[in-house]
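Below is one structure; the comments refer to it alone.
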Amino acid sequence: MNYIKRKKIGLALGSGGAKGYAHLGVLKVLEENNIPIDYLSGASAGAIVASLYSLHKDIKKVEEILTDFHKMRSLFDISLKGGILKGKKIVNFFEDIFQGKTFKDLEIPICIIATDYVTGKEVRIKKGNIAFAVRASMAVPFVFELVNCKNKELADGGLSSPVPIRALKEMGADVTIGVRIEDKLDDGKKKNIYSMTERSINILQHNLSEYELNEADILLDPEFEGYGFLGIHKIIQGKIGEAIKEGERVTKEELANIKRLVGSEKEISGIYKL
């Protein structure tokens, strides 16, 4: 029997706080359409979704874990040292959902992105404890405490690689799909300290992600409103269904292009089921 050697697909899940629930919608549509994922990379919110999906390869299971809002609301504890939120409960949460798993236990090869807080350089984590790696990737300065690792202080991966496309290419991906989940810039009329700080962060992150996304084959760019920098209020309120649906929408719009790059629908389905 002759087999068609399909292209290897890499999916980069970007940083963006509660907007990361859009990643669930993206993966749901890809899974429903038998689009195989060979490599995953993730920064911040993208890191936890990518890691869970790599572990279970079942988007329903991942969604079940991340939409347990009773548990999610109880995660935040206050610290006056190194971050508004100390994150001990979050550490326990990660340890609970990953149960001591390491990168060797994952079903799909993955690269988790963090940032060296001193040098500002990207740090790619591909081995060790998953819970620890995800915690480092989500360590937003002033919000969560930084994570110490091998004489380095690690911070949020979105500071250095908001949508880690290059990591996928180095892993061996032939086709790369990037999911950018940043706030769209408003008209800039608000000039208070909070709005100007938030806008400045959004501008920096947008330009940083554009630099790397130029190398992506497919860009999935969901649109959000009312989430703000982290969107923690959306998680507390349990109002993230719109983000999931937005992830589904943009993926369906690009589905034909994804199938074209990877191979015909028949080829994908047949090889994926082998």
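Once the other residues with Cβ under 9 Å from the Cβ of residue 133 are scored (Lys, Arg +1; Asp, Glu -1), what is the net sum? Spell out each step's value before the answer.
Working: positive: 126, 127, 135; negative: none.
Summing Lys and Arg as +1 and Asp and Glu as -1 gives +3.
Heavy atoms only, probe 1.4 angstrom, no DNA, RNA or ligands counted: give me 224, 142 ranked by accessible area, highest first.
Values: 224 25, 142 150 Å².
Reading off the accessible areas and sorting them downward yields 142, 224.
Between the alpha-carbon centers of the range 92-110 and the range 155-171, tell me the distance in whole angstrom.
Here the two parts' Cα centres lie 19 Å apart.
Would you mind putting 127-137, 54-64, 242-252 in packing order, based on average other-beta-carbon counts within 10 Å, highest first? Show your work: numbers first, answer last.
Details: 127-137: 22.7, 54-64: 16.9, 242-252: 19.8.
So the order, starting with the most tightly packed, is 127-137, 242-252, 54-64.
Give me the aspartates and glutamates in straight-line cross-link reach of residue 28: C-alpha distance below 12 Å, same-chain residues under 8 apart excluded.
Within reach: 58, 63, 246, 248.
Determine the principal axes of the Cα atoms in the range 89-132, then give the extent along each, sorted from largest to smallest and rounded to whole angstroms.
Projected onto the principal axes, the Cα atoms of the range 89-132 cover 32, 27, 12 Å.
Local charge sum around residue 213 (other residues, Cβ-Cβ under 12 Å, Lys/Arg +1, Asp/Glu -1)?
Neighbourhood net charge equals -4.
For the pair residue 192/residue 119, report the inter-label distance in nm, with labels modelled 7 Å from Cα in the Cβ direction.
4.0 nm
The values are calculated or read from the model by the stated rules, or taken from the named source; none is laboratory data. Computed from a predicted structure; not experimentally measured. Cβ: placed from backbone, ideal geometry, glycine included. Neighbour counts: every protein chain shown. Protein only, heavy atoms only, side chains kept; ligands, DNA and RNA dropped before computing areas. Shrake-Rupley method; radii C 1.70, N 1.55, O 1.52, S 1.80 Å.
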